[in-house]
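Q: Mind looking over this structure? Questions follow.
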Amino acid sequence: MSKYWSPLVRSLTPYVPGEQPQLAKLVKLNTNENPYGPSPKVLAALAQAANDDLRLYPDPEARLLKQAIAGAHGVAAKQVFVGNGSDEVLAHAFLALLKQPEPLLFPDITYSFYPVYCRLYGIDSRSVPLTDDFQIAVEDYFSGGGAIILANPNAPTGCLLGLDQIERLLEARADAVVLIDEAYIDFGGPPIPTAVPLIERHPNLLVVQTLSKSRSLAGLRVGFALGQAPLIEALERVKNSFNSYPLGRLAIAGAVAAIEDQAYFEQTCAAVIDSREHLVRALAALGFAVLPSQANFIFARHPRHDAATLAAALRARGIVVRHFAAPRIEQFLRISIGSDAQCAALLAALQEIIV
Ligand SMILES: *Cc1c(COP(=O)(O)O)cnc(C)c1O
């Protein structure tokens, strides 16, 4: 705290990202990164783009990337917005679309960045409790509120809301923007249960995705939003009032190559899903209760072991998982799906701890 801080900065409670430990030896299962590297074609594209052109500003519209994303998702380029990670895309959406006279609605248990954006932008919000089994009941959003944001699959639960339910919500709330944050949707397939096909029928739908998880590019910082052109235009207006060049030349080149390498994407997603199913079975055998996950992480609790104690015991064995000291979920651990070797190390450590 300093007397030089603005009143707004004094009032903020910033988001706390999962630890990025500097010790290379740790088994890092705390921030939902992909255990597999990016496509070799991405690395080649980055190497090729690392040239004298870096003295020039990038294309402020990132047109090549918008075209690639539009092609992959069967929408028009003017229905695509791109940003420096989906966190930035979400931030712009909060200001451009979700800040309304009536409060923004989101679940009591969800991505903890949402309330942070609300405080930054002075957005009133109302949290809507998940059901007792940690599911979203769309009826709870049918009245009140000026806009809605849902992560699907939800974080940190990993639970998926069906497309039929999302469509019911879009129809019941044609008066309000419904933002679906699909950071983990690619791990819910195949076929991938994305809400993107609903865009053409629903002018109030904005879908946000990221290359950080399923495309193994958390370090490159690329995210995007898809929606009908008027919603995208609102995002462009905020972006062009903030930073005209959110994506650098390297980010654009790498992201285009990642979107184009569909085979690698499918293969790595399938491997993560396979490891998840194996891990869920092994954890259940150790007595864990695991929520049904369609993401690249699982949310689990053990009826006889305190979650914070388990997290500390894993940490002492060089394994980092995420624990949230928050109401209703303080007895859960969120564990990212690692490589097979990392999953095996986790299970071996838990076997030792639980006995
Ligand atoms: C990881 C994550 C994001 C943000 O990812 P970026 O790396 O900023 O693209 C957004 N929403 C949810 C729910 C996430 O878990």
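Q: Exactly one condition in (1) closer than 23 Å to Ala62 by Cβ; (2) within 16 Å of the ligand (Cβ to nearest atom); (3) assigned to a helix (DSSP H, G or I) is not met by Glu236; state its number.
A: Every condition holds for Glu236 apart from (2).
Q: Let me confirm something: among Phe288, Phe324, which residue is free of Cβ contacts under 8 Å to residues at least 24 places away in the same chain and not aliphatic (A, V, I, L, M)?
A: Phe288
Q: Examine segment 120-136 for a residue that is touching a residue at least 24 places away in the same chain (Cβ under 8 Å), surrounded by 21 or more Cβ atoms within 10 Å (Cβ to Cβ) and at negative phi, and state whether such a residue exists.
A: There is at least one residue in segment 120-136 that is touching a residue at least 24 places away in the same chain (Cβ under 8 Å), surrounded by 21 or more Cβ atoms within 10 Å (Cβ to Cβ) and at negative phi.
Q: Identify the residue in segment 103-120 that is assigned to a helix (DSSP H, G or I), within 16 Å of the ligand (Cβ to nearest atom) and of a type outside the set (Ser, Thr, Tyr) and, among all such residues, is farthest from the chain's Cα centre (by Cα).
A: Leu120
Q: Here is a list: Ser244, Ser216. Which entry is assigned to a loop (DSSP other than H, G, I, E, B), more than 16 Å from the ligand (Cβ to nearest atom) and either touching a residue at least 60 places away in the same chain (Cβ under 8 Å) or of a type outside the set (A, V, I, L, M, F, W, C) (or both)?
A: Of the residues listed, the single one that is assigned to a loop (DSSP other than H, G, I, E, B), more than 16 Å from the ligand (Cβ to nearest atom) and either touching a residue at least 60 places away in the same chain (Cβ under 8 Å) or of a type outside the set (A, V, I, L, M, F, W, C) (or both) is Ser244.
Q: Looking for whichever is in the same structural domain as Pro107 (by TED's automatic domain parsing), more than 9 Å from the ligand (Cβ to nearest atom), buried (at least 21 other Cβ atoms within 10 Å of the Cβ) and modelled with pLDDT of 95 or more here; the options are Leu163, Leu198, Leu211, Leu226. Which one fits?
A: On inspection, the qualifying residue turns out to be Leu226.
Q: Mind checking which residues of segment 240-261 are within 20 Å of the chain's Cα centre (by Cα) and not small (Gly, Ala, Ser)?
A: Pro246, Leu247, Ile252, Val256, Ile259
Q: Right, another one. For segment 247-263, how many residues meet the condition of being of a type in the set (Val, Ile, Thr) and not in a helix (DSSP H, G or I)?
A: Final tally of qualifying residues: 0.
Q: Where the second residue is surrounded by fewer than 24 Cβ atoms within 10 Å (Cβ to Cβ) and the first is at positive phi and lies in segment 75-100, which pairs have Cβ atoms under 6 Å and are six or more apart or on separate chains?
A: Pairs that qualify, where the first residue is at positive phi and the partner is surrounded by fewer than 24 Cβ atoms within 10 Å (Cβ to Cβ), are Gly85/Arg221.
Q: Can you name the residue in segment 325-339 that is within 21 Å of Asn34 (Cα to Cα) and out of contact with any helix residue (DSSP H, G or I) (no Cβ under 6 Å at 6 or more places or on another chain) and is also surrounded by the fewest Cβ atoms within 10 Å (Cβ to Cβ) among such residues?
A: Among residues in segment 325-339 that are within 21 Å of Asn34 (Cα to Cα) and out of contact with any helix residue (DSSP H, G or I) (no Cβ under 6 Å at 6 or more places or on another chain), the one surrounded by the fewest Cβ atoms within 10 Å (Cβ to Cβ) is Ser339.
Q: Answer with yes or no whether Ala93 is crowded, with 19+ Cβ neighbours inside 10 Å, within 16 Å of the ligand (Cβ to nearest atom) and in the same structural domain as Leu169 (by TED's automatic domain parsing).
A: yes
Q: Residues in segment 60-102 that are farther than 15 Å from Arg119 by Cα, in contact with a helix residue (DSSP H, G or I) (Cβ under 7 Å, 6 or more places away or on another chain) and outside any helix (DSSP H, G or I): how many?
A: Going through segment 60-102 one residue at a time, the tally reaches 7.
Q: Which of the residues belonging to segment 27-73 are of a type in the set (Val, Ile, Thr) and farther than 30 Å from Gln342 by Cβ?
A: Scanning segment 27-73 gives a single hit, Ile69.
Q: Let me ask another. On the basis of being at negative phi and more than 13 Å from the ligand (Cβ to nearest atom), does Asp181 make the cut?
A: no
The values are calculated or read from the model by the stated rules, or taken from the named source; none is laboratory data. Not measured: the values here are computed from a predicted model. Positions of Cβ are backbone-derived with ideal geometry, glycine not excepted, and every protein chain shown enters the neighbour counts.
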